1. Can you name the residue in segment 219-251 that is free of Cβ contacts under 8 Å to residues at least 60 places away in the same chain and either more than 25 Å from Ala18 (Cα to Cα) or of a type in the set (Ser, Thr, Tyr) (or both) and, of all such residues, is surrounded by the fewest Cβ atoms within 10 Å (Cβ to Cβ)?
2. Go through (1) over 20 Å from Lys243 (Cβ atoms); (2) of a type in the set (Lys, Arg); (3) assigned to a loop (DSSP other than H, G, I, E, B) for Lys107 and report which single condition fails.
3. Scan segment 116-128 and tell me whether some residue there is in a helix (DSSP H, G or I), more than 25 Å from Leu22 (Cα to Cα), in contact (Cβ under 8 Å) with a residue 40 or more places away in the chain and of a type outside the set (A, V, I, L, M).
4. I'm trying to understand the selection: among the residues of segment 39-61, which are assigned to a strand (DSSP E or B) and either surrounded by fewer than 14 Cβ atoms within 10 Å (Cβ to Cβ) or not hydroxyl-bearing (Ser, Thr, Tyr) (or both)?
5. Please give the number of the condition Glu103 fails out of (1) surrounded by fewer than 20 Cβ atoms within 10 Å (Cβ to Cβ); (2) touching a Leu at 6+ places or on another chain (Cβ under 6 Å); (3) of a type outside the set (A, V, I, L, M).
6. How about segment 16-38: which of its residues are in a helix (DSSP H, G or I) and either touching a strand residue (DSSP E or B) at 6+ places or on another chain (Cβ under 6 Å) or within 18 Å of Lys235 (Cβ to Cβ) (or both)?
7. Hydrophobic (A, V, I, L, M, F, W, C), under 25 Å from Val226 (Cα atoms), buried (at least 17 other Cβ atoms within 10 Å of the Cβ) and modelled with pLDDT of 95 or more: which single residue out of Val153, Val148 fits that description?
Amino acid sequence: MTYAIITGASKGLGAAAAKQLLLEGLNVISVSRSENEALKETAEKESAKYTHYSCDLSSPSEVKGVFTEIAGMVFQESGEDVYLINNAGMVDPIETAGNLDEEITEKHVNVNFLSPMIISNMFLNKAEALDARLVIANVSSGAGSRPVHGWSVYCSTKAAINMFTQTTALELENQQSRHKVFAFSPGIMDTDMQSTIRSSSKSAFNDIDTFKNYKEEGKLRDAETVAGALVNVLKSDEIENGKIYQINDFL
């Protein structure tokens, strides 16, 4: 069986990617706090295998427990392909340094960076032991390569996931491993995260008017289009290890 595990698959890019992978016949495991009922309906219609695990990805202990169980399911037969999309993310707190909410900041770092590291580390270990081929996609952002006023936490975690991706890829290449890891920057999409950004204050986020204009001028891409590009890279035989793919390269 070929499995695809997607975090944050209840909505947005994660849900769109999960649906496309179901339509392509993969066994999909979604991990998020709430379940997307439409994915369950798609799986039933396509006679595909779909499993949902409820998990608070801001809790490292919960992540370890849930993904230990998932790993036991997917890593059973040698030679199988396993796809992992670390998609779950949050943009809050949108605020200047010195005014950050410490509890939300800790949650943000856990969701955007610590959990993907924990999951990737666990899956690489299991895949190597069973001789399964693992492909990891870490959803990144253009904010990971430039500073944005009010996004000190978001920019930092996205920069961190980029470096984790590149360093892991270097290690895999040095080990002559067949595993692949890449990052994917999806650009601006019409998702709940954009709504959160537009609801912030001008003092906390200087670029708020620009992001409001993106919505008003119809410049936000739909999640389905972006998910199509992500899935195409994920299933490609020519993935460049450690590369940070940009959505603009595909559209």
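1. Ser236
2. (3)
3. yes
4. Once the filter is applied, which keeps residues that are assigned to a strand (DSSP E or B) and either surrounded by fewer than 14 Cβ atoms within 10 Å (Cβ to Cβ) or not hydroxyl-bearing (Ser, Thr, Tyr) (or both), segment 39-61 yields His52, Ser54.
5. So the condition that Glu103 fails would be (2).
6. Those that are in a helix (DSSP H, G or I) and either touching a strand residue (DSSP E or B) at 6+ places or on another chain (Cβ under 6 Å) or within 18 Å of Lys235 (Cβ to Cβ) (or both): Ala16, Ala17, Ala18, Lys19, Gln20, Leu21, Leu22, Leu23.
7. The conditions single out Val153.
The values are calculated or read from the model by the stated rules, or taken from the named source; none is laboratory data. Predicted model only: the values in this text are computed from it and were never measured. All Cβ positions, even for glycine, are placed from backbone atoms using ideal geometry, and neighbour counts span all protein chains on display.
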